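Single-structure report; data block below.
The values are calculated or read from the model by the stated rules, or taken from the named source; none is laboratory data. Here the structure is a predicted model, which is why all the values come from computation and not from measurement. All Cβ positions, even for glycine, are placed from backbone atoms using ideal geometry, and neighbour counts span all protein chains on display. Calculation scope for accessible area: heavy atoms of the full protein, side chains included, ligands and nucleic acids excluded. Shrake-Rupley method; radii C 1.70, N 1.55, O 1.52, S 1.80 Å.
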Amino acid sequence: MTGTLFTNARLIDPEAGTDTIGALRVTGGRIAEILAGPADATGDMVIDCGGKCLAPGIVDLGVKICEPGERHKESFRSAGRAAAAGGVTTMITRPDTLPTIDSPEQLEFVSRRASEAAPVRIHPMAALTKGREGREMVEIGFLLDAGAIAFTDADSVVADTKVFTRCLTYARSLGALVIAHPQEPILSKGTAATSGKFASLKGIPAVSPMAERLGLERDMALVEMTGARYHADALSTAAALPALERAKAAGLDVTAGVDIHHLTLNVLDIGDYRTFFKIKPPLRDEDDRLAMVEAVASGLIDIISSMHTPQDEESKRLPFEEAASGAVGLETLLPAALRLYHAGALTLPQLFRAMALNPAKRLGLPTGRLAAGAPADLVLFDPDAPVVLDRWTLNSKSKNTPFDGARLQGKVLKTYVGGSEVYAA
């Protein structure tokens, strides 16, 4: 056999912005050609997609895998299984582990563990400052040589403007991408909700959306000053969008992301004090959620991610204010995103532009597209299949999903990495 032919597929092409019936041929782990009509299958293994959707595999930017230090929450093996089951073919992992990934030796350790244990592609990020403490810059050059794809202190804001400026300046000189979490750290410290009448009635310490705007305005000013490559990891408020728009209009090398929870949930979801809904930044008002969806549709926000953050039961079974922040999202990213498709807010090409094409382009990866020569990282899914999510069926070691018991529409049928099947429902 010379290759594999996927026939009778609904091809979701985020680059062309199309959603058409066709066929796709894979040879040697790469996409050989895209066919608009019936294809000659001589010598090929044929996979009939039954009219279901075939799209580029998801590139999930900002996944936390708890190796080293907290393997009981998530391992490369369990995260890899979860990713494959969710149609995620590439994970970009965060350095907020114990200890922090801030040296070439630690980066090489996680790279080796990833290649041994996970069936999907993994590219690790390194910390921006040592220990993510915001005091001393890491050895960016050595970490780039060791394979760091980007630099971030995750949800720890580098509060010292002089230190952050040095980091941006040095990253600029090496062409490194800096990923930051825009928040004003003093205003947002110790908070668990978005300020407003609802948070006041519930007695939850809250932060104004302006904290995000202040953080982003500062970062944009420093990017303008240094010329660095910058990505805002998880915007969540309408108040921050004008600063992003101005930065892009000025030609700064800036992109921004939003996590799936801020696109599909709002502050009212924390009404029962259920700590699975406690995430960082906190869930926002419905007007903010709608603004984020519109920003994705317009292209102002470039990337949708899961911000997969595993927490064990002991970390979540606490009063809302004291519970750990974060939710798992590798397996729920696609079905949750399909809520936006079924609501008519985003098309499937728009979703995969934000979940596959744009993150791949931002990170300089060849994946995320349906094009001849691209790696055959693919997800076959049924966008209409009804699913009632049971958190205990998730492949992640941690089960902290806000979608437990939710009625979702959309199911991953098969996932392929380099043309090889790594998951089948």
Would you please put 75-81, 308-314, 250-256 in order of how densely packed they are, using the mean number of other Cβ atoms within 10 angstrom per residue and starting with the highest? 75-81, 308-314, 250-256
How large, in percent, is the carbon and sulfur part of the accessible surface of the chain at a probe radius of 1.4 Å? 51
Which of rounded, prolate or oblate describes the range 1-82 when judged by the alpha-carbon gyration tensor and an a/c cut-off of 1.5? prolate
Nearest-0.05 FRET efficiency for GLU313 and GLU116, computed from C-beta distance (R0 41 Å): 0.90
In square nanometres, what is one fourth of the surface area of the convex hull spanned by the alpha carbons of the chain? 18.8
Pairs from LYS130/LYS361; LYS64/LYS130; LYS162/LYS189 whose Cα-Cα separation, in the structure shown, is over 25 Å: LYS130/LYS361
Segment LYS202-ALA425, length gained on full extension (0.36 nm per residue, minus Cα span): 76.2 nm
Round to the nearest 0.05 the FRET efficiency obtained for MET45 and THR20 when R0 = 35 Å and r is the Cβ-Cβ distance. 0.95
Relative contact order for the range 20-159: what is it in percent, counting Cα pairs under 8 Å that are at least 6 residues apart? 18
Top mean-square fluctuation among GLY22, GLY86, GLY37, Gaussian network model of the chain, C-alpha springs under 10 Å? GLY37
Computed FRET efficiency, Cβ-Cβ of LEU98 and ASP160, R0 22 Å: what is it to the nearest 0.05? 0.45
What per residue convex hull volume, in Å³, comes out for the range 77-154 when only alpha-carbon positions are used? 77
Stokes-Einstein at 20 °C, 1.002 mPa s, Kirkwood radius from Cα pairs: D for the range 203-313 in µm² s⁻¹? 146
Among the chymotrypsin sites (Phe, Trp or Tyr not before Pro) in the range 220-289, which ones are in a DSSP loop with at most 15 other Cβ atoms within 10 Å of the Cβ? Mind listing them? TYR273
So if each residue of separation counts as 0.36 nm, and I subtract the Cα-Cα distance between LEU290 and ASP145, what length gain in nm does that give? 48.1 nm
Within the range 274-374, report the trypsin sites (Lys or Arg not before Pro) that DSSP leaves as loop and that have at most 14 other Cβ atoms within 10 Å. ARG274, ARG317
Would you mind checking the range 70-94 for residues with the amide N under 19 Å from a putative spin-label position 7 Å along Cα→C-beta of HIS342? 86-87
Can you tell me the length gained on complete extension of the stretch ALA249 to ARG135, counting 0.36 nm per residue apart and subtracting the Cα distance? 37.8 nm
Taking only protein heavy atoms into account and a 1.4 Å probe, give the accessible area per residue of the chain in Å². 38
